[in-house]
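Single-structure report; data block below.
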Amino acid sequence: QVQLVESGGGLVQVGDSLRLSCAASGGDFSLYSLGWFRQAPGLDREFVAAINYRNDNKYYPASMVGRAAVSRDNAKKMVFLEIKSLKPEDTAVYYCSAKEGRYSGSASDYDIWGQGTQVTVSS
């Protein structure tokens, strides 16, 4: 079983870019697909990005295409999320997550979660 810890959140301004990191420990990192989700106050947890375990295939919702980029470093057991052109509606707690096997855009498919990191986009 892998454990996850996010970092890199903070207060940023509209139009900025931000890079979030997620460090894994335990387990065999290479066997897991990784997902990024976010949750804003009063809203459900929302899919942001995912990266597959067998290759570098990425999966984004339509709203994130061209604006989000997910990557992984298996040697360092880390996964990253970059978001550019940040908007106030990007304000949320961002979570990294893991599941064995093929990636998914559904939060319910992931059974391992980090503690979350707050991203606040101000104007």
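The values are calculated or read from the model by the stated rules, or taken from the named source; none is laboratory data. Predicted model only: the values in this text are computed from it and were never measured. As a convention, Cβ positions derive from the backbone with ideal geometry for all residues, glycine included, and neighbour counts pool all protein chains shown. The area values use the complete protein model at the heavy-atom level, side chains included, leaving out ligands, DNA and RNA. Shrake-Rupley method; radii C 1.70, N 1.55, O 1.52, S 1.80 Å.
Yes/no per residue for (1) among the small types (Gly, Ala, Ser); (2) open to solvent by less than 20 Å² (accessible area, probe 1.4 Å); (3) part of a strand (DSSP E or B):
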site: ALA23; (1), (2), (3): yes, no, yes
site: GLY27; (1), (2), (3): yes, no, no
site: SER30; (1), (2), (3): yes, no, no
site: PHE37; (1), (2), (3): no, yes, yes
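The rows are residues; the columns are (1) open to solvent by less than 50 Å² (accessible area, probe 1.4 Å); (2) over 16 Å from LEU4 (Cα atoms); (3) charged (D, E, K, R).
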{"position": "ARG19", "(1), (2), (3)": "no, yes, yes"}
{"position": "ASN55", "(1), (2), (3)": "no, yes, no"}
{"position": "LYS58", "(1), (2), (3)": "no, yes, yes"}
{"position": "VAL65", "(1), (2), (3)": "no, yes, no"}
{"position": "ALA75", "(1), (2), (3)": "no, no, no"}
{"position": "LEU81", "(1), (2), (3)": "yes, no, no"}
{"position": "LYS84", "(1), (2), (3)": "no, yes, yes"}
{"position": "THR91", "(1), (2), (3)": "yes, yes, no"}
{"position": "TYR103", "(1), (2), (3)": "yes, yes, no"}
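Taking LEU43 and the conditions (1) in a loop (DSSP other than H, G, I, E, B); (2) aliphatic (A, V, I, L, M); (3) touching a strand residue (DSSP E or B) at 6+ places or on another chain (Cβ under 7 Å), which numbered condition does it fall short on, given that it satisfies the others?
(3)
Quickly run through the stretch 39-49 and pick out the residues that are surrounded by 13 or more Cβ atoms within 10 Å (Cβ to Cβ) and over 15 Å from SER71 (Cα atoms).
The answer is GLN39, ALA40, ARG45, GLU46, PHE47.
Name every residue in the stretch 104-123 that is in a loop (DSSP other than H, G, I, E, B) and modelled with pLDDT of 95 or more, in order of residue number.
Passing the criteria: SER104, GLY105, SER106, TYR110, ASP111, GLY114, GLN115, GLY116.
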